[in-house]
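Notes for the one structure printed next.
The values are calculated or read from the model by the stated rules, or taken from the named source; none is laboratory data. Just so it is clear, the model here is predicted, and its values are computed rather than measured. Note that we place each Cβ from the backbone using ideal geometry, even for glycine, and neighbour counts take in every protein chain shown. These accessible areas exclude ligands, DNA and RNA; they are computed on the full protein's heavy atoms, side chains included. Shrake-Rupley method; radii C 1.70, N 1.55, O 1.52, S 1.80 Å.
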Amino acid sequence: MKNLNISPLNQRITTVVFLLISCLCFSQNSLEYKGKVIDTDSNKALGLADLIIIGTNISTVTNNEGEFLLKVPIAHKDKAVLVSYLGYKKLQIPLSELKKKNSKIELIVAATVLAQIDVNAPKDAETLVKKTLSLKAENYLNAETVMTSFYRETIKKRNKNASLSEAVLEIHKQPYTTNKKDAIKLIKARKNTDYTRLDTLALKLQGGPFSALHTDIIKYPEYIFNNEDFKDYNFSFSKSTQINNKLVFVVSFVQKENITRPMYYGKLYIDAEDYALTSAVYNLNVSNREQASALFVKKKPSKATVYPSEASFRVNYRVKDGKWYFGYSNIFLTFKVKWDNRLFNSRYTLHSEMAITDWNNNTTEFVNRPKNRLKHHTILADEASGFSDPEFWGEYNIIEPEKSIESAIKKINKHLKKS
């Protein structure tokens, strides 16, 4: 057998040919649609709108600027996309009518229908919340599923991005009727960190993909509405709204005045027909600094006092064939760091979001391949590397990066090249 001596030039040519073939395969297997979802009257961007390919489990969400990137296998090119947003009429658009770049999708505000409510509806807000939590077997997925998700985590020091991490994950989602915990497997990940802006303290803040999963109130009620805490909340009705043209009750909740430990306050959006939780937006009361800090800070220097100044959360659910499932999570945490030997305080923000982009009921491969499973305390920035390949995600659906994130990636890359 002859020895093959490949020159550096031939190696480069081979690499270029390989990349070209890869790009061609990618373009042949899927179609890519970009655009923006806005309010038809005000032109206001609608962040966190859902886009779902009808007849499939393929989906994505818009970023805070209303922009989306949707990758669709070519086999589904004749299908339509369903666009929905809380308080707006849903809109169904054939993919053939979407431009592949810069599509503008306009949604119309849905006037709340003052329909007659079922006479069996709960008479007070607390009873409604209890009923919602008790109906998880009827309203939510009760089979094991493997969900593909995109996860992004950013850390800022003051107002400048210091660390950016992204990943495609597989989530082994356990049935809502069991106490089994969800598992996560890392598929692909990348990060970029400017360590000159980031004290080691920032990497020891509690966070990661499991924190996003734990916002699923129906699956993990123990984090917010456990039996001990439930009695310490006041519940009340707010003005109703609509989602997907259906009436939704809005329940506000807040801890009772005599309770001093950190608890949550916010709003629950509950479907008026089946009493399923469709969305929740809530905050942690961080006025008790010492106890609130203990919930988030894993490790800190002895000369630093660390406490959260804001902790906000959001979870959205989607429905298919009459069953609701976890679809999106958003966490925003702000911390202040006071050093004994420094004049000025430091301020860090940790922002993470997770979007389910596809799912199926075939769990065999996940169960039989435990490699790359994440631990509950995993911080994504420790597991990822690299931001150089523009085609890194291939055919995976991701959340379109916002302008500030794109700018931060470029700035950090420039800094790293200089150092």
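May I ask you to say which residue of Arg342, Arg314, Arg289 is open to solvent by 90 Å² or more (accessible area, probe 1.4 Å), under 29 Å from Asn226 (Cα atoms) and either modelled with pLDDT of 95 or more or not polar (S, T, N, Q) (or both)?
Values: Arg342 fails: under 29 Å from Asn226 (Cα atoms); Arg314 fails: open to solvent by 90 Å² or more (accessible area, probe 1.4 Å).
Only one candidate qualifies: Arg289.
Taking into account only those residues within the range 301-311 that are open to solvent by less than 30 Å² (accessible area, probe 1.4 Å) and within 24 Å of the chain's Cα centre (by Cα), which is farthest from Leu284 (Cα to Cα)?
Ranking the qualifying residues of the range 301-311, first place goes to Pro308.
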The correct count of residues that are in a strand (DSSP E or B) and either surrounded by 20 or more Cβ atoms within 10 Å (Cβ to Cβ) or modelled with pLDDT of 80 or more (or both) in the range 159-216 is 25
List the residue pairs whose Cβ atoms are under 6 Å apart, where the first residue sits in the range 63-78 and is touching a residue at least 12 places away in the same chain (Cβ under 8 Å) and in a loop (DSSP other than H, G, I, E, B), the second is among the aliphatic types (A, V, I, L, M) and open to solvent by 10 Å² or more (accessible area, probe 1.4 Å), and the two are 6 or more positions apart or on different chains. Glu65/Ala45; Gly66/Ala45; Lys77/Leu31
Pull up the range 222-258, narrow it to residues that are without any contact (Cβ under 8 Å) to a residue 12 or more places away in the chain and assigned to a loop (DSSP other than H, G, I, E, B), then point me to the one that is most open to solvent (accessible area, probe 1.4 Å). Glu257
Which ones in the range 261-286 are in a loop (DSSP other than H, G, I, E, B), in contact with a Lys or Arg (Cβ under 7 Å, 6 or more places away or on another chain) and open to solvent by 40 Å² or more (accessible area, probe 1.4 Å)? Glu273
Only one of these conditions is not met by Asp229: (1) modelled with pLDDT of 90 or more; (2) among the charged types (D, E, K, R); (3) touching a strand residue (DSSP E or B) at 6+ places or on another chain (Cβ under 7 Å). Which number is it? (3)
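For the range 84-108, name all the residues that are closer than 26 Å to Val250 by Cβ, in contact (Cβ under 8 Å) with a residue 24 or more places away in the chain, open to solvent by 40 Å² or more (accessible area, probe 1.4 Å) and not polar (S, T, N, Q). Before you say what the answer is, go through the steps one by one.
Residues of the range 84-108 that are closer than 26 Å to Val250 by Cβ, as a first pass: 84-92, 105-108.
Going one step further and asking which of them are in contact (Cβ under 8 Å) with a residue 24 or more places away in the chain, we end up with 84-90, 92, 105-108.
Pick out the ones that are also open to solvent by 40 Å² or more (accessible area, probe 1.4 Å) and you get 85-86, 89-90, 92, 106, 108.
Within the range 84-108, Tyr85, Leu86, Lys89, Lys90, Glu106, Ile108 qualify.
Matching residues to (1) of a type outside the set (Asp, Glu); (2) modelled with pLDDT under 95; (3) over 30 Å from Lys89 (Cα atoms):
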site	(1), (2), (3)
Phe18	yes, yes, yes
Cys23	yes, yes, yes
Phe26	yes, yes, yes
Asn29	yes, yes, yes
Asp41	no, yes, no
Ile52	yes, no, no
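Identify, from the list Asp274, Asp216, Asp229, the residue that is in contact with a helix residue (DSSP H, G or I) (Cβ under 8 Å, 6 or more places away or on another chain) and among the acidic types (Asp, Glu).
Working: Asp216 fails: in contact with a helix residue (DSSP H, G or I) (Cβ under 8 Å, 6 or more places away or on another chain); Asp229 fails: in contact with a helix residue (DSSP H, G or I) (Cβ under 8 Å, 6 or more places away or on another chain).
Result of the check over Asp274, Asp216, Asp229: Asp274.
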So in the range 363-376, with the set limited to residues that are part of a loop (DSSP other than H, G, I, E, B) and open to solvent by 100 Å² or more (accessible area, probe 1.4 Å), which one is modelled with the lowest pLDDT? Arg369
Does the range 31-53 contain at least one residue that is in contact with a Leu (Cβ under 8 Å, 6 or more places away or on another chain), surrounded by fewer than 17 Cβ atoms within 10 Å (Cβ to Cβ) and within 25 Å of Asn361 (Cβ to Cβ)? no
